[in-house]
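**Student:** Sending over a structure as structure tokens; questions will come in a sec.
The values are calculated or read from the model by the stated rules, or taken from the named source; none is laboratory data. Everything quoted here is computed from the prediction, not taken from an experiment. Because the Cβ atoms are built from the backbone with ideal geometry, glycine has one as well, and the counts that use them run over all protein chains shown. For the accessible areas, the whole protein counts, side chains as well, though only heavy atoms, and no ligand, DNA or RNA atoms are used. Shrake-Rupley method; radii C 1.70, N 1.55, O 1.52, S 1.80 Å.
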Amino acid sequence: MSNRTPTLIIGGTGYVAGELLRLVSQHPRLELAGVSSESQAGTPVGAAFPHLAPVMGNLAFVTQAELAALILAPRVALFSAAPHVVSAVVVATMLKAAAAGGRQLTVVDASSDFRFRSAADFAAVYKQPHGAPELLPQFVCALPEHVPGIPGPHVGHPGCFATSMLAGLVPLLKLGLAEGPVYAVGITGSTGAGRSPMATTHHPERHSNLFAYNPLMHRHAPEVVQICRELTGVAPDLHFVPQSGPFARGIHMTLQGQLRQPQTADQLRQAFADFYAGHEFVRVVAGTPRVKDVAGSNYCHIGIATSGNSASPTFVVLVAIDNLVKGAAGGAVQWMNRLLGLPESAGLTLPGLGWI
């Protein structure tokens, strides 16, 4: 076990935490050492996630205080899947415990708490003060495909909708291919709403249904604008309409806008392929991507279409990801691999489920 890094997970009973448990339990270089849940402390992890019971053994949830006591090795990995606004406080506590013991704690946060650069920007969107503003300079928020090397000690992983938008927007902006407003419509599966039942996730309401929510007001939009500005120097005029789809997992994102110059679909597709060359988990596909082709995997499929109209040339970029994997737990593990100096694809190369 000497070549494996002890790994802790905060907020252990949600869907993202379940995916983190699944991925970490099969990871060749991470060793699951503990998972916290204040409401389920003492309960076997396999009881909360029966599909994971065969690989969880006797592991039980612990309190956050008990989890902090498990920071024993010289270097420990910590994933946070705690609720938004709560996560920052817990992460701060864990970092203090690590520092007090002379340990190095590497954090990847899957909540929204470390996606903004400033506490004021966070408070403006979430209508609550940030729980640990002193930690914000230590966190970087971006997709691993868009930032080389190790940009900081810790990472706040972009959200699921944000991941799908950034995958299409950053190449367009960084290569100077697009201008003017960008219109985005994203359809997400019901797992994106979390594990706690709500009216909009109740099966009779969600099944065979499709509806928009928070049109032009979703919290991921300002996150995407900020990240694009930092990575490309351009703050897109983004108009985002999220929609709830009649499936459990996956996101299908459509981005549409104007090109600076007319391009064929083949030309734009090649520009994207060149941009993502060497990045294993992003694949530029012929035709249109489908959610079932990526569900259950860390892969992102991108499709391209253009109008060919020389007077007003337009683009359509289509992105399909699994919201729980590439959009959350898988992207977080991908970042952790890099922060720990491991192969970025370690534990993440299984293909999609196909017939989910």
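**Student:** Kindly provide the chymotrypsin sites (Phe, Trp or Tyr not before Pro) of region 260-356 that DSSP labels as loop, not H, G, I, E or B, and whose Cβ sees at most 10 other Cβ atoms within 10 Å.
**Tutor:** Qualifying residues, ordered by number: Trp355.
**Student:** Which length gain, in nm to one decimal place, applies between Arg75 and Glu134 when the Cα-Cα distance is subtracted from 0.36 nm times their residue separation?
**Tutor:** That works out to 19.0 nm of additional length.
**Student:** Counting only protein chains, not ligands or nucleic acids, how are His203, His157, His279 ordered by accessible area (probe 1.4 Å), most first?
**Tutor:** On the way: His203 125, His157 0, His279 55 Å².
Reading off the accessible areas and sorting them downward yields His203, His279, His157.
**Student:** If you build the convex hull over the alpha carbons only and average its shadow over all orientations, what do you get for the chain? Give it in nm² to one decimal.
**Tutor:** 17.3
**Student:** Once Lys and Arg get +1 and Asp and Glu get -1 on their Cβ, which of Pro262, Thr7, Thr163 lies farthest toward the positive end of the dipole of the chain?
**Tutor:** Final value for the positive-end residue is Thr7.
**Student:** Run lengths n ≥ 4 of DSSP H only: what is the helix-derived mean residue ellipticity at 222 nm for the chain, with -39500 (n - 2.57) per run over all residues, to the nearest 500?
**Tutor:** Helices in the chain give a 222 nm mean residue ellipticity of -8000 deg cm²/dmol.
**Student:** Work out from phi, with θ = phi - 60° and the Karplus expression 6.51 cos²θ - 1.76 cosθ + 1.60, the ³J(HN,Hα) of each residue of region 54-59, listed in order in whole Hz, and give x for Gly and Pro.
**Tutor:** x, 10, 8, x, 9, 4
**Student:** For Ser345, Ser164, give me the order by solvent-accessible area with a 1.4 Å probe, most accessible first, ignoring ligands, DNA and RNA.
**Tutor:** Reading off the accessible areas and sorting them downward yields Ser345, Ser164.
**Student:** Let me ask something else about it. Tell me the per residue accessible area of region 249-353 using a 1.4 Å probe; a whole number in Å² is fine.
**Tutor:** 38
**Student:** How far is it, in nm, from the label point at Glu230 to the one at Ser310 when both lie 7 Å from their Cα along the line to the Cβ?
**Tutor:** It is 4.2 nm.
**Student:** Turning to a different aspect of this structure: Can you check what the net charge comes to around Glu280, using other residues whose Cβ is under 11 Å from the Cβ of Glu280 (Lys, Arg +1; Asp, Glu -1)?
**Tutor:** Net local charge, Glu280 excluded: -1.
**Student:** Taking the Cα-to-Cβ direction at Ala47 and at Arg117 and moving 7 Å from each Cα, how far apart do the two end points lie in nm?
**Tutor:** Using points 7 Å along Cα→Cβ, the separation is 4.7 nm.
**Student:** How much length, in nm to one decimal, is gained on full extension between His84 and Ala199, taken as 0.36 nm per residue of separation minus their Cα-Cα distance?
**Tutor:** Result for the pair: 39.4 nm of gain on full extension.
**Student:** On to the next question. Hey, what did region 223-331 get for relative contact order, percent, Cα under 8 Å, at least 6 apart?
**Tutor:** Computed over region 223-331, the figure is 30 percent.
**Student:** Right, another one. May I ask you to list the residues of region 177-202 whose amide nitrogen lies under 15 Å from a point 7 Å from Cα along the Cα→beta-carbon direction of Ser39?
**Tutor:** Only 193-199 fall inside the zone, counting backbone N under 15 Å.
**Student:** Using each residue's phi in region 126-141, evaluate 6.51 cos²θ - 1.76 cosθ + 1.60 at θ = phi - 60° and report the 3J(HN,Hα) Karplus result to the nearest Hz, with x for Gly and Pro.
**Tutor:** Karplus values, whole Hz, x for Gly and Pro: 9, 6, 9, x, 6, x, 8, x, 5, 8, 3, x, 8, 10, 10, 10.
**Student:** Continuing with the same structure: Hey, which lysines would be in cross-link range of Lys326, C-alpha to C-alpha under 24 Å, not counting anything within fewer than 8 residues on its own chain?
**Tutor:** Cα-Cα hits under 24 Å: Lys174, Lys292.
**Student:** Which of rounded, prolate, oblate describes region 80-228, given a ≥ b ≥ c as roots of the alpha-carbon gyration tensor eigenvalues and a/c under 1.5 marking rounded, otherwise prolate only if a/b is larger than b/c?
**Tutor:** Verdict is oblate for region 80-228.
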